Structure formats: C-alpha cells, structure tokens
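**Q** One structure follows; several queries about it will come next.
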Amino acid sequence: MTYVSVKALKNAASAAEVEGNVAVQILQVQRKSTRTRKPYLEIVAGDAEDRFAFKVWNDAPWYAEFAALQPGETYSLCARWRSGEYGMEAAGASLRPLSSEEEESFWSGSPALREKQMRDRQTVSELCASVSDPRLRCLCRLFLERFGALFERAAAARSYHHARRGGLVEHVACMMRCAFQICEAYPCLNRDLLLAGCLFHDCGKLWENNYGERDLVMPYAEMGEMLGHIAIGVEIVNKLWREALALPEAEEWKEMQPPSEQVRLHLLHLIASHHGELQFGSPVPPKTPEAVVLHHVDDLDAKLEMFRDAYETSPVLAPHIRQRRIPLPGNVIISLPKTRAAPGNPSGRECGFSAEPS
C-alpha cells in the first residue's frame with residue numbers, strides 16, 4: 001500500500017478535494033456539536049511528521065465506526081478529503097488496522113523522512129568519531145551507546161522547529177555540519193569542543209521532548225518540567241564524564257593539556273549558554289568563541305527550519321508571500337531562486353536558499 005504523508009495531504013486538500021490514503025495513529029476522538037446542535041466527531045490523527053484534525057458528521061454512514069476509535073491505535077485511512085468551512089472533512093471514508101509490517105515502517109516516518117534521518121544519524125556518528133580529543137570522543141561514544149534509542153526518537157522542540165520524532169537528530173546533524181565548516185573558516189576555534197557541544201547542547205531534551213516507542217504524542221515529564229533541558233544536559237554530561245574517567249584508557253589523559261577538568265568546564269559552558277541570553281533561559285551568556293558560535297549555529301538551524309516549514313504549510317497571502325509563522329517576526333517571503341546557467345554559458349553559478357515551492 002502506498003500512503004501519502006499527513007503534511008502532503010493537508011497541503012493538497014487546502015486547494016481542492018483530493019482522494020488520499022494515509023497511515024495514521026489516532027491521537028484524539030471528541031464528540032462535539034455545531035451552534036445549530038448538529039453532532040459530529042472531531043478526530044485528531046497524525047504520522048511521524050505531522051498531525052491534523054478532521055470532522056465526521058453524524059449522518060455519515062461511517063460515523064459509528066469512527067466514534068468507536070481509540071487513541072493510540074494505528075490505521076490505514078482512506079477518504080476524499082477537503083478543507084471546508086469547519087476545517088478538514090472526510091467523505092467516503094474507510095479504515096483498517098495497519099499490518100505489523102506497515103506499523104514498523106509507520107513509526108519511522110515517510111520514506112523521504114526516514115532516509116534523511118538515517119543520513120543525519122550517520123553524520124552524527126562520523127563527526128563524533130572524527131573528534132581528536134580522546135576525552136570528548138569517549139564522551140560522545142558513551143552518550144550514543146547509552147542513549148542512542150532515546151536520541152533517535154526525541155524532538156528538538158514541542159512546536160517551533162524539528163517538532164517530530166527524530167527531529168533532534170536532524171537538528172544536531174545540521175548543526176554539526178555547519179560547525180565543521182565554520183571551523184574551516186576560523187581555524188582558531190576548538191573544533192573538537194564545538195562538535196561535542198553540538199551533540200550535547202540539547203541532550204536534556206531526551207527527557208523533556210521525547211516520545212514513547214509506539215506513540216506520536218509527546219508527553220510531559222516531571223523532570224523536564226522541573227529542571228528543563230539545560231540543567232538536565234549539565235547533569236548528563238557530568239555523569240558520563242565520571243564514567244569516562246573510570247575507564248582504563250583514562251589513565252592516559254592525566255598528563256594531557258589542557259587538563260581534563262578544564263575541558264569538562266568548557267563543555268558545560270556551551271550547554272549552559274547556548275540560548276544566548278538570560279531572558280531566553282540560559283543561566284549564563286556565551287563567554288567563549290565556541291559558545292558564541294554554538295548559540296548562533298543553533299539559532300540559525302532553528303530559524304531556517306521555520307522558514308522551510310512556513311514555505312510548505314503556511315497559507316498563501318500573495319505571490320511569493322506566506323502567512324507568518326510564530327516566532328518569525330513577520331510574513332515570510334519566498335527566497336530568491338538559485339541562479340541557473342544560461343544555455344551555452346557554463347559559468348553561471350548557483351546561489352540562494354530555496355526556490356518557490358510548486
């Protein structure tokens with residue numbers, strides 16, 4: 001069975017009625033009524049990348065079947081979809097439970113998303129292995145070995161950017177690639193420290209913004225609410241650091257310069273300062289070159305993801321203009337397309353960020 005993603009379905013249904021088959025987990029089923037007291041169901045469903053709400057009216061032949069749905073169940077859902085006066089509506093709807101094979105694929109997202117996250121996870125592993133400082137390399141290895149499964153499920157945020165299963169892997173990989181290139185331009189930077197900082201800056205989100213193994217709803221966790229991901233990240237690094245120092249190979253680190261304690265302190269500063277300002281949640285502002293770079297790389301990747309998402313999902317206000325997506329400061333403008341070489345002119349070069357979406 002070939003499925004369309006929830007995000008693609010929403011985009012298509014906003015323009016015209018479309019027939020589409022989606023694989024979804026049921027997240028919520030509510031009985032409601034209009035102002036004229038007409039009953040309907042509002043159902044929230046989603047996949048690993050996005051979610052949507054749709055209505056089923058009480059006079060639909062499939063109303064009773066949909067009213068019996070339970071949150072947490074996964075289905076193949078086929079219907080004619082349109083975005084009407086009351087939001088998304090399903091006509092001619094039918095559903096069946098996903099097979100075990102379909103479920104395994106479902107939790108990893110669409111083929112395109114799954115492939116991207118696999119590439120990003122490989123990037124993280126390779127760049128961590130490239131760290132030359134054995135202390136930081138060991139710390140990265142311990143983290144990925146111990147918490148790899150949690151890391152691969154975590155989101156980078158609840159709503160603003162990379163807010164999906166595996167979103168944290170995407171965010172960290174892009175930050176590490178960017179940091180690597182910045183270190184090429186500024187060789188004075190400590191490349192090892194900066195790469196490790198990219199991996200660990202949001203590691204507390206494994207306990208603040210994570211999903212269950214078979215769940216698309218991000219729960220709230222007492223630890224995340226009471227401490228926040230920065231404080232949790234500092235604790236995780238300290239714990240792993242103590243474990244690393246207890247390894248036999250740590251004997252060789254005692255005479256290394258700079259001393260291990262100074263390396264630990266600088267890494268903790270990257271975690272503590274990466275939000276950039278006290279008002280945004282960092283207990284201290286960035287006070288080293290690497291901390292300044294980490295903060296801006298983090299912010300850059302988050303902002304560009306917000307633009308990408310706005311280009312794909314925000315309503316069109318006018319040619320080249322999409323409706324504002326919070327927290328961006330205003331309506332978003334489609335970026336200038338990349339320059340294409342004219343026929344017979346091989347010297348044309350590409351530039352720019354993104355072409356007008358189709």
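The values are calculated or read from the model by the stated rules, or taken from the named source; none is laboratory data. The model shown is predicted, which means the values in this text are computed figures rather than measured ones. Cβ: placed from backbone, ideal geometry, glycine included. Neighbour counts: every protein chain shown. Surface areas here come from the heavy atoms of the whole protein model, side chains and all, with no ligands, DNA or RNA. Shrake-Rupley method; radii C 1.70, N 1.55, O 1.52, S 1.80 Å.
**Q** Out of segment 2-86, which GluC sites (Glu not before Pro) are coil in DSSP terms and have no more than 11 other C-beta atoms within 10 Å?
**A** Here the sparse-neighbourhood loop sites are Glu85.
**Q** Taking the Cα centre of segment 274-326 as the origin and placing charges on Cβ (Lys, Arg +1; Asp, Glu -1), which of Pro286, Ala310, His275 is farthest toward the positive end of the dipole?
**A** Value computed over the given set: Ala310.
**Q** Please calculate the 1.4 Å probe accessible area of Leu227, with all protein chains present, and give it to the nearest 10 Å².
**A** 110 Å²
**Q** From the cross-link list Lys205/Lys338; Lys10/Lys303; Lys7/Lys55; Lys55/Lys303, which pairs have alpha carbons spaced over 27 Å apart?
**A** Lys205/Lys338; Lys55/Lys303
**Q** Label points 7 Å out from Cα along the Cβ direction at His296 and Glu101: separation in nm?
**A** Result: 5.1 nm between the two label points.
**Q** Using Stokes-Einstein with the Kirkwood hydrodynamic radius over Cα pairs, what translational diffusion coefficient do you get for segment 26-183 at 20 °C and a viscosity of 1.002 mPa s, in µm²/s rounded to a whole number?
**A** Translational diffusion coefficient: 116 µm²/s.
**Q** Could you pull out the GluC sites (Glu not before Pro) across segment 168-229 that fall in loop regions by DSSP (anything but H, G, I, E, B) with no more than 12 other Cβ atoms inside 10 Å?
**A** The qualifying sites are Glu213.
**Q** So which trypsin sites (Lys or Arg not before Pro) in segment 273-315 end up in coil per DSSP with only 13 or fewer other C-beta atoms within 10 Å?
**A** Listed in order of number, the matching sites are Lys287.
**Q** Helix-derived [θ] at 222 nm for the chain: sum -39500 (n - 2.57) over DSSP H runs of at least 4, divide by residue count, nearest 500?
**A** So the calculated ellipticity at 222 nm is -14000 deg cm²/dmol.
**Q** For segment 1-86, state what percent of all Cα-Cα pairs lands in each successive 10 Å bin, counting from 0 Å until the bin that includes the largest distance.
**A** Going out from 0 Å in 10 Å bins, segment 1-86 shows 17, 51, 30, 2 percent.
**Q** Keeping all protein chains in place and using 1.4 angstrom, which order do Tyr220, Tyr311 fall into by accessible surface area, from largest down?
**A** Tyr220, Tyr311
**Q** Magnitude of the Cβ-charge dipole of the chain, K/R +1 and D/E -1, about the Cα centre, nearest 20 debye?
**A** Magnitude of the dipole: close to 1060 debye.
**Q** Taking only Cα atoms of the chain, what ratio of Rg to Rh do you get with Rh as the Kirkwood inverse-distance radius?
**A** Rounded to two decimals, Rg over Rh is 1.03.
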